[in-house]
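Reviewing the structure listed below.
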Amino acid sequence: ETGNTTVDIGFVNTASCNSAITYIDGDAGILRYRGYPIEQLAEKSSFLEVSYLLIYGELPTTEQLEDFDQKIRRHTLLHEDLKAFFGGFPRDAHPMPVLSSAVSALGTFYQDSLDPFDKEQVEISTVRLMAKLPTIAAYAYKKSVGQPFLYPDNSLSLPENFLRMTFGFPAEPYDLDPDMVKALDLLLILHADHEQNCSTSTVRLVGSAQANLFNSVSAGIHALSGPLHGGANSAVLEMLGGIYDNGGDVDTFVKKVKNKEDGVKLMGFGHRVYKNYDPRAAIIKKSADTILNKDGVSDPLLDIALKLEQVALEDDYFVERKLYPNVDFYTGLIYKAMGFPTKMFTVLFALGRLPGWIAQWREMIEDPQTKIGRPRQIYVGETERDYTPISSR
Ligand code: SDX
């Protein structure tokens, strides 16, 4: 009962740790970062300010935000040897393992400042990760399309710099689309933290062994790549594309899901915690209209998604199982409209989730009470038995 782990015998329901960062009420569909409702932060804040809030616990003053912004802008460059690191990957390498490997490698350039218990070293590692992950993500994309890397431009904000390094070319200026910058900033806010999800629990567990911040986040990136977690946004696009290829026949697909044919799931639906509409999905759906209804952008997959959502929300099979759209259902459509290829979608999830991972790792390091204890199990294997020689097996 130290508040770390509570195991109710019978239905094993464990609380893995204490945390003061994010609150979720899955039944009511509530999500708050440090007490602030996600709806207010989505409407009034910025990803940089939300990152500060998650990491330091309070909304920043003007000076604090300016200082945080300047520090991050000053650390966007990668060491030239780390840039060369990307040359070791095959061109068609998926960007998620590239991202995770590069983050782990990033830590090797700062051997003198990896001590998890030295506040200054944790601070500079926080800034370096926040500043360099967008650069690493953009380079992972450029590597996959065989285009030249662009150095960061520190006159730009974090989302602007990322978009320019991703879609810009050294040979010409890159015109930033304010709607795209705004939509990306919002999506990063909505992905910034989500209490003890699979990847965040991974970051905490690895960090609880006093692994440094870079290696802990690298492990979290691998966890996020799973299709049932961060990989779902890409899986949604593949699902919608499959329905489109079958003439947009939503009803036939829904029948397959209900019959559990080949284990097919309604990707972007359901959640371990939300047994109600994921509040982030509602916000994203609203912002989807801005990007997806821009002149010249029409996407038949959006019509399929809207139809699929309508059918599922009215079908008892999904209602009984409390399966509602989650954060991943609409994000892929927006990323696609922005020009990102499907395999970059989970990289964008990781960019958003980074301040949450950092905040949760720091909380766990600073307060042993919030450590994830060593998980135990309920043993259901063989009872004791004697060794039998191979001749008599
Ligand atoms: C994220 O934890 C987090 O906070 C994660 C996240 C974050 O911000 O970090 O919110 C991000 O990971 C969102 C989830 C993205 N994943 C997907 O969209 C993949 C599709 N979703 C499913 O895999 C599933 O819904 C889970 C894993 C997300 C949640 O599963 P649950 O709630 O534990 O449900 P379950 O696996 O115990 O299934 C309960 C029933 C089963 O049917 P029955 O055996 O009772 O007949 O619901 C069915 C399941 O088959 N079911 C689905 C379904 N999800 C559950 N059926 C069809 N489609 C689905 N998506």
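From the set of residues in the range 272-329 that are near the ligand (Cβ under 10 Å from one of its atoms) and among the hydroxyl-bearing types (Ser, Thr, Tyr), which is nearest to the chain's Cα centre (by Cα)?
Within the range 272-329, the match that is nearest to the chain's Cα centre (by Cα) is TYR274.
I'd like the residue in the range 195-221 that is among the β-branched types (Val, Ile, Thr) and in contact (Cβ under 8 Å) with a residue 40 or more places away in the chain and, out of all such residues, is farthest from the ligand (Cβ to nearest atom).
Only one residue tops the list, namely VAL217.
Under 7 Å between Cβ atoms, at least 6 apart or on separate chains: pull out the pairs that start in the range 42-59 with a residue that is touching a residue at least 60 places away in the same chain (Cβ under 8 Å) and end on any residue that is of a type in the set (Asp, Glu) and open to solvent by 20 Å² or more (accessible area, probe 1.4 Å).
Sorted first by the residue in the range 42-59, then by its partner, the pairs are SER46/ASP185; PHE47/ASP185; LEU48/ASP69.
Which is among the aromatic types (Phe, Trp, Tyr) and open to solvent by 50 Å² or more (accessible area, probe 1.4 Å), of PHE162, PHE169?
Exactly one of PHE162, PHE169 is among the aromatic types (Phe, Trp, Tyr) and open to solvent by 50 Å² or more (accessible area, probe 1.4 Å), namely PHE169.
Could you please find all residues in the range 237-263 being within 11 Å of the ligand (Cβ to nearest atom) and not in a helix (DSSP H, G or I)?
ASN259, LYS260, listed by residue number.
Does LEU188 meet the test of being closer than 24 Å to ILE38 by Cβ and surrounded by 22 or more Cβ atoms within 10 Å (Cβ to Cβ)?
Yes, satisfied.
Could we say that ASP175 is in contact (Cβ under 8 Å) with a residue 12 or more places away in the chain, part of a loop (DSSP other than H, G, I, E, B) and of a type in the set (D, E, K, R) here?
So ASP175 fails the test.
Search the range 318-333 for residues that are without any contact (Cβ under 8 Å) to a residue 60 or more places away in the chain and pair each with any residue that is more than 10 Å from the ligand (Cβ to nearest atom) and open to solvent by less than 10 Å² (accessible area, probe 1.4 Å) when their beta-carbon atoms are under 7 Å apart and the residues are at least 6 apart or on different chains.
Matching pairs, first to second residue: PRO325/GLU309.
Any idea which of (1) more than 16 Å from the ligand (Cβ to nearest atom); (2) part of a loop (DSSP other than H, G, I, E, B); (3) touching a residue at least 40 places away in the same chain (Cβ under 8 Å); (4) farther than 20 Å from HIS79 by Cα is the one ASP185 doesn't satisfy?
Only one criterion in (1) more than 16 Å from the ligand (Cβ to nearest atom); (2) part of a loop (DSSP other than H, G, I, E, B); (3) touching a residue at least 40 places away in the same chain (Cβ under 8 Å); (4) farther than 20 Å from HIS79 by Cα is unmet by ASP185, namely (2).
Any idea which of PRO178, PRO159 is more than 15 Å from the ligand (Cβ to nearest atom), more than 24 Å from LEU106 (Cα to Cα) and not aliphatic (A, V, I, L, M)?
It is PRO178.
Sort out which residues of the range 114-131 are farther than 13 Å from GLU366 by Cβ and open to solvent by less than 10 Å² (accessible area, probe 1.4 Å), and write them in order of number.
SER125, VAL127, LEU129, MET130, ALA131
Since GLY247 meets every condition but one in (1) under 17 Å from LEU306 (Cα atoms); (2) open to solvent by less than 50 Å² (accessible area, probe 1.4 Å), which condition does it not meet?
(2)
For the range 202-221: of the residues being of a type in the set (S, T, N, Q) and modelled with pLDDT of 95 or more, which is surrounded by the most Cβ atoms within 10 Å (Cβ to Cβ)?
The extreme case among them is SER216.
The values are calculated or read from the model by the stated rules, or taken from the named source; none is laboratory data. Because the structure is predicted, anything quoted here is derived from the model rather than measured. Positions of Cβ are backbone-derived with ideal geometry, glycine not excepted, and every protein chain shown enters the neighbour counts. SASA here: full protein model, heavy atoms, side chains in, ligands and nucleic acids out. Shrake-Rupley method; radii C 1.70, N 1.55, O 1.52, S 1.80 Å.
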